[in-house]
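> Let me begin by handing over the structure; questions about it come next.
The values are calculated or read from the model by the stated rules, or taken from the named source; none is laboratory data. Since this is a predicted model, take the numbers as computed values, not measurements. Cβ sites come from the backbone with ideal geometry, for glycine too, and all protein chains shown count toward neighbours.
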Amino acid sequence: MNNDYATARDLYQQTDSDADVLTDPEIAHLIVNHDKVLGMHGVPGLNIKTEQIEQGLNIEIDLESQHKINKPVHLCFGMLPERGTQRIEMKVNIGDNSSIAILAHCVFPRAIKVKHIMNAEILIGENAVYSYQEKHVHSDSGGVEVIPKAKIVVGKNSRFSTEFVLLKGRVGIIDVDYAAEGLEYSVIDMNARISGLQDDVIKINEQAYLNGEHSTAVLTSKIAVRDRARAQINNKIVASAPYARGHVDCKEIVQDQGVANAVPIVEVAHPKAHVTHEAAIGSVDNKQLETLMSRGISEDEAVEMIIQGLLSK
């Protein structure tokens, strides 16, 4: 086993995923440690190009028209060293009448002072589907700063969905900034589920601009902050086309000295458009807490169960 392959498996196994996907000829993958590609495999219709830059990589992902990738494409962006900066500049083009699901792991298991910066431009053609599920593994020290930014255009009758989840470790600092434009009959679905501890900082800024008739968007954030953690959630939907529909849903649980702030913004610029919002911030539900404790579960364990229940939905 060469060193690159061993490192790739080490990165992947940190996610508790089956590293055998790296040898499956039917599964496309790209494995990156800092600024180095450890492994890459393509499938028909999907073209991936990389170019090394200072502290990172330029990545181009192009899915040809009329192609449907049956199995999720695996991306792994990792930093095994304790310190350093990783910068990913990514351009994604999804052709007409195509579909793809990407499972992306961002892995920083030993981080003491690591910064991960991602800037993405995503163009989704007509009658296409693009799904991006982002799962993070961090160290327990909180020494990670994650700064992902994305600009997305969702074509006519197409669908874009993204999900951000922290699997292991402490948040550190997460600063998400996504802006998506939806054309006619498009669907935008953005979902974030994060739990912060100690002095973690969670910032989410998601925006959807419904510029096409019958376009829809749902922005969902489920956040928990404990100890001295802080969360600032800004979700915005602007509907400027007839029959555009949107909903902003933000739920946050606050414990100890945690601080949470939610700003749902809805803007309607057409009389036939409709956007709703819901924001709820508070402690865990007392009835749920009492029910669990009556079954012999400690208060700390009960709080953890309630929080995990919120984040898993």
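> Just to verify a result, which residue in the stretch 213-248, among those that are outside any strand (DSSP E or B) and of a type in the set (A, V, I, L, M), is farthest from Ile174 (Cα to Cα)? Walk me through it before giving the result.
In the first step, residues of the stretch 213-248 are kept if they are outside any strand (DSSP E or B); the result is 213-215, 226-229, 240-244.
Filter once more, so that each one left must be of a type in the set (A, V, I, L, M): 229, 241, 244.
On the way: Ala229: 12, Ala241: 33, Ala244: 30 Å.
Ranking the qualifying residues of the stretch 213-248, first place goes to Ala241.
> Separate question: Any chance you could count how many residues in the stretch 4-28 are assigned to a helix (DSSP H, G or I) and among the β-branched types (Val, Ile, Thr)? Steps first, please.
Of the residues in the stretch 4-28, the ones assigned to a helix (DSSP H, G or I) are 4-13, 19-23.
Restricting the remaining residues to those that are among the β-branched types (Val, Ile, Thr) gives 7, 21, 23.
Qualifying residue count, the stretch 4-28: 3.
> Which one of Glu252, Glu213 is at pLDDT 95 or above and acidic (Asp, Glu)?
On the way: Glu252 fails: at pLDDT 95 or above.
Just one listed residue meets the conditions, Glu213.
> State the number of residues belonging to the stretch 36-49 that are out of contact with any Asp or Glu (no Cβ under 8 Å at 6 or more places or on another chain) and surrounded by 18 or more Cβ atoms within 10 Å (Cβ to Cβ).
Counting residues in the stretch 36-49 that are out of contact with any Asp or Glu (no Cβ under 8 Å at 6 or more places or on another chain) and surrounded by 18 or more Cβ atoms within 10 Å (Cβ to Cβ) gives 1.
> Would you check if there is a residue in the stretch 155-173 being surrounded by fewer than 23 Cβ atoms within 10 Å (Cβ to Cβ) and either over 17 Å from the mean Cα position of the chain (by Cα) or outside the structural domain of Asp96 (by TED's automatic domain parsing) (or both)? Steps first, answer last, please.
Our first condition is that a residue be surrounded by fewer than 23 Cβ atoms within 10 Å (Cβ to Cβ); within the stretch 155-173, this holds for 156-157, 159, 161, 163, 165, 167-170, 173.
From what is left, the residues that are either over 17 Å from the mean Cα position of the chain (by Cα) or outside the structural domain of Asp96 (by TED's automatic domain parsing) (or both) are 156-157.
Within the stretch 155-173, one or more residues are surrounded by fewer than 23 Cβ atoms within 10 Å (Cβ to Cβ) and either over 17 Å from the mean Cα position of the chain (by Cα) or outside the structural domain of Asp96 (by TED's automatic domain parsing) (or both).
> Let me ask something else. Name the pairs whose Cβ atoms lie under 7 Å apart, with the first residue in the stretch 43-65 and without any contact (Cβ under 8 Å) to a residue 24 or more places away in the chain, the second polar (S, T, N, Q), and 6 or more positions between them or separate chains?
Thr50/Asn58; Glu51/Asn58
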